[in-house]
Amino acid sequence: MSKGRIFSGVQPTGNLHLGNYLGAIRNWVALQSDFESIYCVVDLHAVTVPQDPAALRQSTREVAASLIASGIDTKTAILFNQSQVKEHAELGWLFNCVARLGWLNRMTQFKEKAGKNRENATVGLYSYPTLMAADILAYCATHVPVGEDQKQHLELTRDIAMSFNSMFGVEFFPQPEPLIQGTAARVMSLRNGTSKMSKSDESDFTRINLTDDVDLIASKLKKAKTDPEPLPSEIDGLADRPEARNLVGIYAGLSGRTEADILSEFGGQGFGVFKPALADLTISVISPISEKMNALLKDETEIDQILADGAERARAISAPILAEVKDIMGFVAK
Ligand code: TRP
């Protein structure tokens, strides 16, 4: 089994969609057989921007349910929500005293999220990356599956690890390696092939949600934007056809085949043939997940129990690591 220890985090947001599934969730499921895997719903990160408490609770359970329904095996992999393991916040503070203002000032995600009114951003949003470093290093994780957008935060994590080691003259923290989730898995809006599929797009017809039923999936794909040309037989033929490329990409992602392979099957055919085939495939993958997810969400106590159990197992790893960190830094403890 173990090629190392993975840690990854996902924000508790509602409306998980096909983009989340192909971009991240499915990857997490695949990695769990090769790595010791720790997956975390990052509720402490969520509150760096205002949250409605009831919605946060619901989203946390929804994300957990989607991961379980998609095949995360919570008997082997650890799945929990961040706030139940206090070591994250504690190590986050310690890292606030390692990371430098100059490092955080370079973070592009803060600039984007804070927007024009930076004075009004929370201090938590600014120090978001130090908490993320704490998430990873509280487990001395060796590998971190993340999207391209999180690469800079992972580099900061490596800087913090290295800086801690050299400040205290130890070889304590490893340098965690990013496992970048491929851009091939980037799923675009069904209505605009140049913008990313997003939970916040006002039209629900731009995305396939993991909770959509069979009929809704079929009708969303039927109405997906396309062009009048038949599909090309070669990938080059998709160059200026973002919507066609997106649908072929989704087909490839869901079937585990290459785009070239899909085009060799469907090249020369129109969308009247391709769309129903894509709908059948999407339904065959997503429907079992949405059924399981909806069933899980009916019983909150089961999800809560899984998260509590995951938190306990997570703490068993992170608590001794934190105790060592505190000892290295010179804190008195019995
Ligand atoms: N910042 C990540 C995101 O928005 C989520 C996250 C928090 C994370 N802590 C992490 C990802 C630790 C990987 C490792 O997607």
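The values are calculated or read from the model by the stated rules, or taken from the named source; none is laboratory data. Just so it is clear, the structure is predicted and the values come from calculations on it, not from any experiment. Note: ideal-geometry Cβ built from the backbone for every residue, glycine included; neighbour counts use all protein chains shown. Side chains are part of the model used for accessible areas, which takes the heavy atoms of the whole protein and leaves out ligands, DNA and RNA. Shrake-Rupley method; radii C 1.70, N 1.55, O 1.52, S 1.80 Å.
Placing unit charges on the Cβ atoms only, positive for Lys and Arg and negative for Asp and Glu, gives the stretch 204-295 a dipole magnitude near 240 debye about its Cα centre. Here the stretch 107-176 is treated with +1 on each Lys and Arg Cβ and -1 on each Asp and Glu Cβ, and its dipole about the Cα centre works out to around 220 debye.
Under a 1.4 Å probe, what is the accessible area of the chain per residue, stated in Å²?
On the way: 15740 Å² over 334 residues.
For the chain, the solvent-accessible area averages 47 Å² per residue.
Ordering of 83-94, 125-136, 218-229 by packing is 125-136, 83-94, 218-229, highest average first (other Cβ atoms within 10 Å, averaged per residue). Computed from point charges on the beta carbon alone (+1 for Lys and Arg, -1 for Asp and Glu), the dipole magnitude for the chain about its Cα centre is near 600 Debye. With the simple spin-label model, which puts each label point 7 Å out from Cα in the Cβ direction, the residue 15 to residue 304 separation comes to 2.7 nm.
Of the residues 301, 13, 108, the one with the largest accessible area comes first in the ranking 301, 108, 13, computed with a 1.4 Å probe on protein heavy atoms.
Think of the stretch 1-159 as a dipole: +1 on every Lys or Arg Cβ, -1 on every Asp or Glu Cβ, centred on the Cα centre; then among 140, 150, 17, 150 lies furthest on the positive end. Got a sec? Charge dipole of the stretch 152-204, +1 on Cβ for Lys and Arg, -1 for Asp and Glu; which of 189, 200, 164 is way out at the positive end? Sorting the options by dipole projection puts first 189.
Quarter the surface of the alpha carbon convex hull of the chain and you get the mean projected area, 18.8 square nanometres.
One decimal place: the segment residue 97-residue 280 gains 60.6 nm when fully extended, by the rule 0.36 nm per residue minus the C-alpha distance.
Using a 1.4 Å probe on the protein chains only, how many percent of the accessible area of the chain belongs to carbon and sulfur? Don't jump to the answer; show the numbers that get you there.
Values: 8220 of 15740 Å².
Reported share for carbon and sulfur atoms: 52 percent.
Stretching residue 151 away from residue 294 to a fully extended chain increases their span by 48.2 nm, per 0.36 nm per residue minus the current alpha-carbon distance. Taking the inverse of the mean reciprocal distance over all distinct Cα pairs, the Kirkwood hydrodynamic radius of the stretch 204-295 comes to 13.5 Å. As a rough guide to protection, the peptides 39-51, 273-285 ranked by mean Cβ packing within 10 Å, highest first, stand as 39-51, 273-285. Site pair residue 329 and residue 214 shows an inter-label distance of 5.5 nm when each label is modelled 7 Å from Cα along Cα→Cβ. Cross-link check: pairs 86/116; 113/199; 225/298; 196/225; 3/334; 113/275 evaluated at a Cα-Cα cut-off of 25 Å; pairs beyond the cut-off: 86/116; 225/298; 3/334; 113/275. The stretch between residue 223 and residue 287, if pulled fully straight at 0.36 nm per residue, gains 21.1 nm over its current Cα-Cα span. With a length cut of 20 Å (Cα positions projected on each helix's long axis) and a Kyte-Doolittle mean of at least -0.5, go through the chain and give me the DSSP H helices that pass. Result, helices passing both filters: 53-70, 151-168, 271-298, 300-329. Placing dummy labels 7 Å off each Cα toward the beta-carbon, the span from residue 240 to residue 255 is 2.7 nm.
Between 149, 236, 213, which gets the highest mean-square fluctuation from a Gaussian network model of the chain, Cα cutoff 10 Å? Its mean-square fluctuation being the largest, the pick is 236.
The sum of -39500 (n - 2.57) across all DSSP H runs of n ≥ 4, divided by the residue count of the chain, sets its helix-only mean residue ellipticity at 222 nm to -16000 deg cm²/dmol. Enter the Cα centre distance for the pair the stretch 204-271 and the stretch 52-117, rounded to the nearest angstrom. If you average the Cα positions of each part, the centres end up 33 Å apart. A 1.4 Å probe over all protein chains sorts 139, 21 by accessible area into 21, 139, starting with the largest.
Ratio of Rg to Rh for the stretch 260-334: 1.41 [Cα atoms; Kirkwood radius as inverse mean 1/r over pairs].
Between the listed residues 42, 122, 249, the Cα displaced farthest toward the positive end of the dipole of the chain, a dipole computed from Cβ unit charges relative to the Cα centre, is found at 122.
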